[in-house]
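Read-outs: derived from the displayed coordinates by stated rules, not from any lab. Predicted, not measured: the structure shown is a model, and the values here were computed from it. Cβ sites come from the backbone with ideal geometry, for glycine too, and all protein chains shown count toward neighbours.
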Amino acid sequence: MGSTSDSYSSSQETLATLESNTIYDFIPSYINLGFQKELKLKIIRDTTNPVVLEILGSEKFGFIENKVRSKCWHCLLSRQLRLENSRNNDVLIDHPDENQINLDVKRSFSFVENTKHRDFLKDLLSRIIIGIFRKHPKLRYYQGYHDIVSLFILVWHSNEEVDLSLSTMILSAVDAQFDTVFECVEIFTLVYLRDFMMNSLDFPIDQLKLISHLIKEKDPDLYHSMKLDKISPFFAISSILTFFSHDLKPTNENSIIWEIFDLIISKNSSFIPILIFTNFILMQKQKLIDQINLNTENFDNETDLIHASIQQILLTSISNENFFFKIMTITRLNYNRDVKLLSKVLFDSRIINCGSPLLTTAKGNNKTLFDTKDIDNLIDKQIKINGTRKNIRQTNTRFNIVLYHVINNKHLLVKLSILVGLLAIISKFSNRNLIWETYHKTKKVWLDPLHCLLHNPTSYLYSNNN
Amino acid sequence: MSSKKKTILKVIILGDSGVGKTSLMHRYVNDKYSQQYKATIGADFLTKEINVDGDRTATMQVWDTAGQERFQSLGVAFYRGADCCVLVYDVTNTKSFENIKSWRDEFLVHANVSSPESFPFVILGNKIDIEETKKVISVKSAQDLAKSLGNIPLFLTSAKSSINVDPAFEEIARSALQQNQNDADAFEEDFNDAINIQLDGEADSCAC
């Protein structure tokens, strides 16, 4: 354990030297970033081999710009899931979550300044999300899904001038593009987001626990000072549910969020968001401890204290994109080792459901090309497991509600106490002999049959036969 | 012992998605409003230093929660230690009004408060700036609901036009402070009881 944490800190120290350990390290480091990007862009444009694209997308800068990215994502995603039927326009049955979808679409793209363009994007967002759920009615919408779909839409529609002219021009071109975006969103949803699309948050909460497990493995001291043995890591819920797209907004082509999605899609790995969050905590260790100490006075319980401190540090980190670029470098650098560690944690903890994307992706070179039927089977399996767990939880909650009402309803509590007291008195005085006799008579049958059998087998059998 | 510690008032805002929980929090804490608040995922919080009883100050922690039903399972973690719970509905949305009672019950079941019958709630009917014809919840039915749930204070607010937000939060602060002191007193009572029991025991042993 000590060695992993040591090697982690040493890797941080040698960050600068190791950063060059990438496919483009033939480009001398004295060349400025702009030119490095330009060179990489040329290589990506010339690449037709998807395996090479996977490597390029996993490296620094990702796919660099949206014009190229849209083609790369489509190429890579269509190698991860083969969709049998294309978009189904005929489904008109409303999905039960459409009301919630509309509410969230309304408040999307707040960072897009041009209101006309914003409305165009919102319209597209609504059509895509509703289309996905009408086509896959078994899946449930969760708040945060709209952030991920918004990001996909911007890969194809970040240029407002083109969009605004398109919306009034060639409809067939708009439709063809719509189908491509839809297909990419659909594949991404089915391959990576299934855990979040059940009717409860149980599976994503399981995923959050992996962050605690990883921190325990990598930095036991921090694990204890953050009280991760006692509190649930709910502080990471929005980052994990949205793969960081809720907090890190794609305000321009250089935004870090693109690289995060480039890495997930290129590595075909649902581990990435968990690894990024863990690295964020480990890299901000000192700041976090300071913040927790600073906040101690202001919070009455540990859950609030840790949640609030992490939220504050996350907010300040978001405004510093350079810091997130460093997290990405560390995540790329340690990826292979961390995948092994996380796989071990997955195996040991056994908290992840057997249909989870965490188990069906991130297989390194042994990638699986799924078809619609495989995915359908996985979803059914997950819905079943989730349903069983939800039922158990609801039974517990119902029991708690009854208990709560009994405890807090003084009249009921008094009545129950009196009833128990009365029964005790009755049994003691009124029917003392009757109860005593009944007990002794029936003892052989219901209380201690084995005892009787051992002491007097013949009579026991005899009496039973009668 | 509790008098020296900083007074922290923890306030939880609950209600259906889109009723304006985040907007109300930002209006109160920062006196700002935006049409474009993003949906809350999990829980966010803001703090504000407030004056109580003239010269004393307290820190009010406002916890804003996600409205989608599934996020309630995180509530168990966030409701703990709350001093007041704010229930918000949208005056133009019947469903959000009908759900007020279930939000209250949900809170009481999970928050593990010491005396549920006296725990302070405040109801806010938000978005009253919207034109009359779109309003579907009458003042009368809101008052009836507030009364039926145990005379809960009711405020009709607009985070957008800054109507009634400050008076509502003054009431929230007042009842949170009251609750906070009740809990502190209860704690001290328990503490004294514990001492008394010990003393009783000693007295008995002396008598022997």
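Brief remarks follow.
- Shielding value for B:32-41 is 6, the average number of Cβ atoms from other chains within 10 Å of each residue's Cβ.
- Label point distance in nm, A:Val420-A:Lys390, each placed 7 Å from Cα along Cα→Cβ: 3.6
- Folded to 0 to 90 degrees: helix B:165-207 orientation relative to chain B principal axis, Cα: 20
- For the stretch B:81-145, GluC sites (Glu not before Pro) meeting the loop criterion (DSSP other than H, G, I, E, B) and having at most 12 other Cβ atoms within 10 Å: B:Glu131.
- Sorted peptide list for A:191-198, A:395-402, A:141-148, criterion being average Cβ within 10 angstrom, highest first: A:141-148, A:191-198, A:395-402
- In degrees, nearest ten, helix B:21-30 long axis to first principal axis of chain B (Cα): 70
- Shape of the stretch B:1-88, Cα gyration tensor, a/c cut at 1.5: oblate
- Note on B:Arg56 and A:Lys42: with the Förster distance fixed at 56 Å, the Cβ-Cβ geometry gives a FRET efficiency of about 0.25.
- Around the Cα centre of chain B, unit charges on the Cβ atoms of Lys, Arg, Asp and Glu (plus for the first two, minus for the last two) sum to a dipole of about 1180 debye.
- When only Cα pairs below 8 angstrom with a gap of at least 6 residues are kept, chain B shows a relative contact order of 23 percent.
- When each of A:Lys285/B:Lys127; A:Lys122/A:Lys344; A:Lys230/B:Lys48 is checked by Cα-Cα distance, pairs over 32 Å: A:Lys285/B:Lys127; A:Lys122/A:Lys344
- Label point of A:Val52 set 7 angstrom out along Cα-Cβ; within the stretch A:249-268, amide nitrogens under 19 Å from it belong to A:266-267.
- Its alpha carbons give the stretch A:196-400 an Rg and a Dmax of 17.7, 55 Å.
- Per residue of B:42-48, other chain Cβ atoms within 10 Å of the residue Cβ number 5 on average.
- Among the residues of A:301-313, the average count of other protein chain beta-carbon atoms within 10 Å of the residue beta-carbon is 3.
- The magnitude of the dipole of the stretch B:1-90, with charges of +1 and -1 set on the Cβ of Lys/Arg and Asp/Glu and taken from the Cα centre, is near 320 debye.
- Entries of A:Lys216/B:Lys32; A:Lys60/A:Lys287; A:Lys267/A:Lys384; A:Lys415/B:Lys140 with Cα pairs more than 32 Å apart: A:Lys216/B:Lys32; A:Lys415/B:Lys140
- Of the residues B:Ile12, B:Gly150, B:Gly125, the one whose Cα sits farthest towards the positive end of the charge dipole of the stretch B:1-157 is B:Ile12 (charges of +1 on Lys and Arg Cβ, -1 on Asp and Glu Cβ, taken about the Cα centre).
- Size of charge dipole - the stretch A:168-257 - debye, nearest 20, with Cβ of Lys, Arg +1 and Asp, Glu -1, no other charges: 420
- Helix B:139-148 axis, angle to chain B major axis (alpha carbon atoms, nearest 10°): 20
- Per-residue packing, averaged as other Cβ atoms within 10 Å, sorts the ranges A:204-214, B:158-168 into the order A:204-214, B:158-168, beginning with the highest.
- Whether the stretch A:190-288 is rounded, prolate or oblate, judged on the alpha carbon gyration tensor where a/c under 1.5 counts as rounded: oblate
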